[in-house]
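Here is the structure we will look at, set down as structure tokens.
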């Protein structure tokens, strides 16, 4: 596996979720067992916009050859993946999210492993 594959996976997942959160936030939140409403939809759309930015950054940096830039982005995405993993596992175990909450938990776990491996062991 290459780091570019981890960046591509990150981009794909981020952009798929982003499209859902921007276009149909109540549906995406409902699938995860989260409450819907005007305020929640607005915040989900803002989250979707942030995911668009992160997904595009991951996509455009996947084949970059500048090591300091790639290292900085890799450690940033590694740290955000750890935080996302902890938050999603807490939300799923506490019942705040339903069983589909294991999907973002698994995604964050895989991203943490991937970025961590290439940042610290490769």
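Coordinate-derived values only; no laboratory data. Note that the coordinates shown come from a computational prediction; the quantities given were computed from them, not determined experimentally. For neighbour counting, all protein chains shown are included, and Cβ atoms are generated from backbone atoms with ideal geometry for every residue, glycine included.
Annotations for the structure displayed:
- Residue in the range 37-54 that is in contact (Cβ under 8 Å) with a residue 40 or more places away in the chain, under 20 Å from residue 118 (Cα atoms), touching a helix residue (DSSP H, G or I) at 6+ places or on another chain (Cβ under 9 Å) and not in a loop (DSSP other than H, G, I, E, B) present: yes
- Qualifying residue in the range 63-70 (condition: closer than 22 Å to residue 109 by Cα and over 13 Å from the mean Cα position of the chain (by Cα)): yes
- Scanning the range 82-103 for residues that are buried (at least 20 other Cβ atoms within 10 Å of the Cβ) and in contact (Cβ under 8 Å) with a residue 40 or more places away in the chain, we see that the one that is farthest from the chain's Cα centre (by Cα) is 97.
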